[in-house]
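What follows is one structure encoded as structure tokens, with my remarks underneath.
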Amino acid sequence: MNAVRSPMAAAILRHLAGPRCYVVSAGVRAGGLDAFAAAVMDEIGIDIAGHTPHTLQDLHDTSFDLIITLSPEAHHQALELTRTMAVDVEFWPTFDATMMIGHGSREQVLDAYRGVRDYLFRRIKQRFGFTGGPTV
């Protein structure tokens, strides 16, 4: 099982891997749906509108093979959670596009989210060895 911090990252991995792996998205804090993330994912045909954010503590099954974190805070929390477990934890430093909200036009914010989406798409394809298929 893989735990991925970002609903975008989890949705991309689910899209590329299909039923070959189980993917869960969990973060440091729960919250509502991010409309900007949903919009940029919809642009590439991946629907995350039904995603319900969860925290790492909300997860009932902790039998992960791999946890990928995208922020220093999430990475620290994942390391604490797994210190007595045999699980790999990877940190992929990722720009927090939510920081753009209120500091630019709607299109500038969407561009920041697109940058994160495209980075995650490329990183996931590379990490998990997906060749061919959709690109962004």
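The values are calculated or read from the model by the stated rules, or taken from the named source; none is laboratory data. Every value quoted in this text rests on a predicted model; they were computed, and no experiment measured them. Here Cβ is always computed from backbone atoms with ideal geometry, including for glycine, and neighbour counts include all displayed protein chains.
Can you pull out the residues in segment 12-57 that are of a type in the set (A, V, I, L, M) and touching a strand residue (DSSP E or B) at 6+ places or on another chain (Cβ under 8 Å)? Listed by number, the residues that qualify are L13, A17, V23, V24, A26, V28, A30, L56. For segment 46-70, filtered to residues that are of a type in the set (S, T, Y), touching a residue at least 24 places away in the same chain (Cβ under 8 Å) and within 23 Å of F128 (Cα to Cα), the residue that is surrounded by the most Cβ atoms within 10 Å (Cβ to Cβ) is T69. Just one of the listed residues (G115, G27) is surrounded by 17 or more Cβ atoms within 10 Å (Cβ to Cβ) and free of Cβ contacts under 8 Å to residues at least 60 places away in the same chain, namely G27.
Are any of the residues in segment 97-110 closer than 18 Å to A38 by Cβ, part of a loop (DSSP other than H, G, I, E, B), in contact with a strand residue (DSSP E or B) (Cβ under 9 Å, 6 or more places away or on another chain) and in contact (Cβ under 8 Å) with a residue 24 or more places away in the chain? Within segment 97-110, none of the residues are closer than 18 Å to A38 by Cβ, part of a loop (DSSP other than H, G, I, E, B), in contact with a strand residue (DSSP E or B) (Cβ under 9 Å, 6 or more places away or on another chain) and in contact (Cβ under 8 Å) with a residue 24 or more places away in the chain. Checking E73, E107, E43 one by one, the residue that is surrounded by 12 or more Cβ atoms within 10 Å (Cβ to Cβ) and at pLDDT 95 or above is E43 and no other.
Selection of helices (runs of 4 or more DSSP H) fully inside segment 1-96 by the criterion of at least 3 residues being out of contact with any helix residue (DSSP H, G or I) (no Cβ under 7 Å at 6 or more places or on another chain) and over 19 Å from R122 (Cα atoms) returns 72-81.
For segment 13-24, filtered to residues that are within 21 Å of T55 (Cβ to Cβ) and touching a residue at least 24 places away in the same chain (Cβ under 8 Å), the residue that is surrounded by the most Cβ atoms within 10 Å (Cβ to Cβ) is L13. Number of residues in segment 87-96 that are crowded, with 18+ Cβ neighbours inside 10 Å and either within 20 Å of A38 (Cβ to Cβ) or of a type outside the set (A, V, I, L, M, F, W, C) (or both) equals 1.
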